[in-house]
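Below is one structure; the comments refer to it alone.
Derivation of every value follows stated rules applied to the coordinates shown; laboratory data play no part. Remember, it's a predicted structure, so these values are computed and weren't measured experimentally. So basically every Cβ, Gly included, is an ideal-geometry build from the backbone, and we count neighbours across all protein chains shown.
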Amino acid sequence: MDLNTKYTPQSWPDHPENTTLEGKNKFVGFWLFLGGETVTFASLFATYLALKNKGPSGMEFTTEGLFELPLVFIMTMLLLTSSLTSVYAMYHMKNYNFKAMQAWLAVTVLLGLAFLGFEIYEFNHYVHLGFTFNQSAFSSAFFLLVGTHGAHVVVGLGWIILLMVRNAKRGLNLYNAPKYYLASLYWHFIDVVWVFIFTVVYLMGVIG
Amino acid sequence: MAHDVHTHVRSQAEYEYKRRRAANEMRGHVTTFAIMIFFTLIAFTAVYAGFSANLVVPIILLLAAVQVVLQLYYFMHMSHKGHETAQMFLYSGVIVAFIVLITFLTIVWW
C-alpha cells in the first residue's frame, strides 16, 4: 500500500488513525507511553504532597500565601477549552477536512501558548518573591511538578506546530492521520494532568 | 508494507450516515465539555465559599476524578471498541500511581 494514496471523503476509512499497521503500532505504543506518564506524574504528585509547606525553619512561604486562584482559574479554562478545540480538529480529521483540522489545531496552539504565558508569568512572580527552585523542599517539589507539566505543554505545542507545518502542503493521508491523532491524545493527557494539578496543588493549597 | 489496506468507497447513503453519526458524536463531546466546565466552576466556588476543608477536599477530588474519566473515555475515545490494550496500559499506570501515592504519604506523614 502506498501511504501517499489520495482519498476522498467517501473513501476515507472510519478509523484512519489505526487503519495501517504503522498506525496500529503507534496507537498501542502511545497508550503504553501514557501509562508510563501516569506513573511519572504520580511520583511527582506524591513528592509534592509529602513536602508541601516543608522547608527551613522560619520559612514564610505557604500554599495559602502564594497561590492566586483567579490566575489558576483562567489557566484552567484556557487548557480545558484547548482540549475541546483539539476534539474539533479530530472530528474534521475523521471527516477528511484537512483545512478545518489545521484551523482548529491552530486555535488549540494559541490557547496552549496563552496558558504557557500565564504559567511563565506565575513562575516569574514567585521567583521575584524569593520562592526559587532551591529555596526549600516545598519550592523544589512545587516547581518540579508544575514545571514538568509545563514542559509537557511546550513539547505538545512544538509537536502540533511541527505536524501542521510539515504536512501543510501534503494534506491528509494514512501516513500522517495517526500522527495527528496521537498528538491530540497527548494534548488531552496534558489536560488530564492539569485537572489534578489545579485540584491538588492550587485548590487544596488555598484551603490549607 | 506487509499489511493491506482495503479501500471502500461509500455510497451516498453510507456517506451521509457516517457524517450524521460523526456530527452526533461531536454534539456529545460539546455536552461533555459543558459538564467539565460546570464541574470546574463548582470546584472553584466550593473553595471560595470557605466551607470546612473536610467537606470541600473530598468533593473537589471527586469532581476531578469524574472530569478525568470523561476526558479519557470521551475526548480520548477510550469508550470506543479496540481500546482494550489501551485500557490495560493506562490502568496498570493508575494502579502503580496509587501505590506510589499511598507509599509516600504513609511513610512521610505517619
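Taking the Cβ-Cβ separation of B:Leu105 and B:Val69 as r and a Förster radius of 22 Å, what is the calculated FRET efficiency to the nearest 0.05?
Working: r = 23 Å, r/R0 = 1.02.
Efficiency, from the Cβ-Cβ distance: 0.45.
Considering lysine pairs in chain A that are 8 or more places apart or on different chains, how many have Cα atoms under 21 Å apart?
Qualifying lysine pairs in chain A: 14.
Normalised by the residues of chain B, what does the relative contact order come to in percent, with Cα pairs under 8 Å and at least six apart?
Numbers: 20 pairs, mean separation 21.6, N = 110.
Worked out over chain B, it gives 20 percent.
Using only Cα positions of the stretch A:22-174, each an equal point scatterer, no hydration layer, compute I(q)/I(0) via Debye at q = 0.13, 0.14 Å⁻¹ and quote the log10 values to two decimals.
One equal scatterer on each Cα of the stretch A:22-174 leads to -0.74, -0.83.
Let me know the volume per residue of the alpha-carbon convex hull for the protein assembly as shown, in Å³. Mind showing how you got there, number by number?
Numbers: hull volume 42.6 nm³, N = 318.
Cα-based convex hull of the protein assembly as shown, divided per residue, equals 134 Å³.
Taking the simple approach of a point 7 Å from Cα along Cα-to-Cβ for both B:Ile35 and A:Ala151, what is their distance in nm?
Modelled inter-label distance: 3.4 nm.
What longest range of chain A stays clear of loop-exposed trypsin sites (Lys or Arg not before Pro) (DSSP non-H/G/I/E/B, at most 15 other C-beta within 10 angstrom)? Don't skip to the end; give the middle numbers.
Working: sites that count: A:Lys6, A:Lys54, A:Lys169, A:Arg170.
Longest site-free region, per DSSP loop and neighbour criteria: A:55-168.
Quick one: 3J(HN,Hα) in Hz for the stretch A:122-130, Karplus 6.51/-1.76/1.60 with θ = phi - 60°, rounded, Gly and Pro as x.
With the stated coefficients, the stretch A:122-130 comes to 4, 4, 4, 4, 4, 5, 5, 6, x Hz.
Applying 1/(1 + (r/R0)^6) with R0 = 22 Å to the Cβ-Cβ distance of B:Ile42 and A:Leu69, what FRET efficiency is obtained, to the nearest 0.05? Write down the numbers at each step before the final one.
Working: r = 14 Å, r/R0 = 0.64.
Between B:Ile42 and A:Leu69 the formula returns 0.95.
Write down the Kirkwood hydrodynamic radius of the stretch A:38-100, to one decimal in angstroms, obtained as one divided by the mean of 1/r over all alpha carbon pairs.
On the way: mean 1/r = 0.0642 Å⁻¹.
Result for the stretch A:38-100, one decimal place: 15.6 Å.
Hey, what do the phi angles of the stretch A:77-91 turn into as Karplus ³J(HN,Hα) couplings, whole Hz, using 6.51/-1.76/1.60 and θ = phi - 60°, x for Gly and Pro?
Working through the residues one at a time gives 4, 4, 6, 5, 5, 5, 5, 5, 5, 6, 5, 4, 4, 6, 4 Hz.
In peptide A:73-86, how many Cβ atoms from other protein chains are near each Cβ within 10 Å, on average? Walk me through the intermediate numbers first.
Details: counts 5, 0, 0, 6, 3, 0, 0, 7, 3, 0, 7, 8, 1, 1.
Counting other chains' Cβ atoms within 10 Å and averaging over A:73-86 gives 3.
Under 5 Å between amide H atoms, partner at least 5 residues away or on a different chain: which partners does B:Arg10 have, H built in plane at 1.01 Å?
Amide H neighbours of B:Arg10: A:Ser11.
Taking the Cα centre as origin and putting +1 on Lys and Arg beta-carbons and -1 on Asp and Glu beta-carbons, what dipole magnitude results for chain B, to the nearest 20 debye?
Working: 7 positive and 5 negative charges, 61 e Å.
Charge dipole of chain B: 300 debye, to the nearest 20.
Please get the size of the charge dipole for the stretch A:22-171, origin at its Cα centre, with Cβ charges of +1 on Lys and Arg and -1 on Asp and Glu, quoted in debye to the nearest 20.
Values: 9 positive and 7 negative charges, 178 e Å.
That gives a dipole near 860 debye.
Can you pull the mean other chain C-beta count within 10 Å for peptide B:84-94?
On the way: counts 0, 4, 8, 2, 3, 10, 7, 2, 5, 12, 4.
Mean partner shielding for this stretch: 5.
Provide the FRET efficiency to the nearest 0.05 for the A:Leu144-B:Gln87 pair, computing r from the beta carbons and using R0 = 22 Å. Please report the intermediate quantities before stating the final value.
Details: r = 29 Å, r/R0 = 1.32.
Calculated value: 0.15.
Step through the residues of the stretch B:42-58 one at a time and calculate ³J(HN,Hα) from phi using the Karplus curve (6.51 cos²θ - 1.76 cosθ + 1.60, θ = phi - 60°), rounding each to whole Hz and writing x for Gly and Pro.
My calculation for the stretch B:42-58 gives 4, 4, 5, 5, 4, 6, 5, 5, x, 5, 5, 4, 5, 8, 6, 4, x Hz in order.
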